[in-house]
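The structure appears right after this line, and notes come after that.
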Amino acid sequence: MSSSPSAVTVIGLGPMGRALAGAFVAAGVRTTVWNRTPGRDRELIEQGAVGADSAAEAVAASPLTVVCVVDYDAADAVLRQGAVTAGLKGRTLVNLTADTPERARDTGRWAAEHGIAYLDGAIMTPTPTIGTPDAVFIHSGPEELYRAQRPVLDALGGTHTHLGEDIGRAAAYDIALLDIFWTSMTGYAHALAVAGAEGIKPTELAPFAQGIGAILPPLFGQLADDVESGAFSGEGSRLSSTVATMAHIVHASEGHGIDASVMRAAEGLARRTMALGYGAEGFTRVTEFLGRR
């Protein structure tokens, strides 16, 4: 937890890992890189990074190691090896790999057992934003450690937010936010399929889809207040009306032979909630019943 390092190691050179390493190099931080698949470091080395021959050599090169791979299975396969684990002892590991909150906590316990200072984190914006003001990073773990490493993490650009000492908190935010994103993307893909079956081109629908999307940001804040307060107001839209709309989507989709299983699941949840006597309340009442069968 000493002052911020002047050197960093990046493990994992997929598109995001290369972007992270490139941002460190561009900021003048001595950057060592390593990847399980050889050859991905070539361009970074040309930019000024140092290529390591092994993961153990890579972590030994810097007081701070940043890892960004596909999931925690891949991270464990690299980090939980004798020489690598030993090399990390007394150093700091920042894990920007996406996975579940419990996997993050498990890695935190492993790090503590081996004398490794550990921060977990998530990247909430796409690869092109890294190194720019548009990047968004979230972190969790010991605040003192986060503050010590913040100066070098700032080389990645954008905003960095420490969410708390619970090592799994950043992953929990990540999972919740990706839930919004991929559910929305699935809905849009389905909408394009339904529109196409009715002879509507994707580019014809897109401006109206953008209008629907613009409705959501202010609703997110309002509905969060409803759920937190337990108000679940149906003044703007009753759950009974929502169910009717969902049924129309299911019938239109299946009339064209389009899979409507996602909307059927949403409709089923809404109907179960309404059957418990909440038809006059708002849609977010379903949050109380998502775990029930």
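A few points about this structure:
- Cα-based shape type of region 28-142, given that a ≥ b ≥ c are square roots of the gyration tensor eigenvalues and the cut on a/c is 1.5: oblate
- Environment charge of Val243, counting only residues whose C-beta is closer than 15 Å and scoring Lys/Arg +1, Asp/Glu -1: +3
- Counting charges near Pro142 (Lys, Arg +1; Asp, Glu -1) among other residues having Cβ under 14 Å from its Cβ returns a value of 0.
- Fully extended contour minus Cα-Cα distance, from Glu235 to Asp106, at 0.36 nm per residue: 42.0 nm
- Summary of packing: across the peptides 248-260, 32-44, the per-residue average of other C-beta atoms within 10 Å ranks them, highest first, as 32-44, 248-260.
- Nearest-ten-degree value, helix 143-153 long axis tilted from longest Cα axis of the chain: 80 degrees
- Around Ala104: net Lys/Arg minus Asp/Glu count, Cβ-Cβ under 11 Å: -2
- The ranking of Phe289, Phe220 by Cβ neighbour count inside 10 Å, starting from the fewest, reads Phe220, Phe289.
- Principal-axis tilt of helix 239-255 within the chain, Cα atoms, nearest 10 degrees: 90 degrees
- Largest mean-square fluctuation among Ser140, Ser261, Ser184, in a Gaussian network model of the chain whose springs join Cα atoms under 10 Å apart, belongs to Ser261.
- Converting the Cα gyration tensor eigenvalues of the chain into ellipsoid dimensions via √(5λ) gives semi-axes, longest first, of 44, 22, 17 Å.
- Computed helical MRE - 222 nm, the chain, DSSP H runs ≥ 4 contributing -39500 (n - 2.57), nearest 500: -16500 deg cm²/dmol
- Note on region 2-44 and region 165-215: Cα centroid distance 32 Å, given to the nearest whole angstrom.
- Between Phe137, Phe208, Phe24, the residue with the greatest mean-square fluctuation in the GNM of the chain (Cα pairs under 10 Å linked by springs) is Phe208.
- Here Glu198 and Glu144 are evaluated by their C-beta separation; at R0 = 45 Å the FRET efficiency comes out at 0.20.
- Distance distribution note for region 196-243: the fraction of Cα pairs above 11 angstrom is 76%.
- Ordering Val250, Ser233, Gln222 by Cα displacement along the dipole of the chain toward the positive end leaves Val250 in first place; charges were set at the Cβ atoms of Lys, Arg (+1) and Asp, Glu (-1).
- For the chain, the longest principal axis of the C-alpha atoms and the axis of helix 101-113 are separated by about 20°.
- Global form of region 118-242, assessed from the alpha-carbon gyration tensor, a/c cut-off 1.5: oblate
We did not get these values from a lab; they are worked out from the coordinates using the rules stated. Here the structure is a predicted model, which is why all the values come from computation and not from measurement. Using ideal geometry, Cβ is built from the backbone for each residue, glycine included, and neighbour counts are taken over all protein chains shown.
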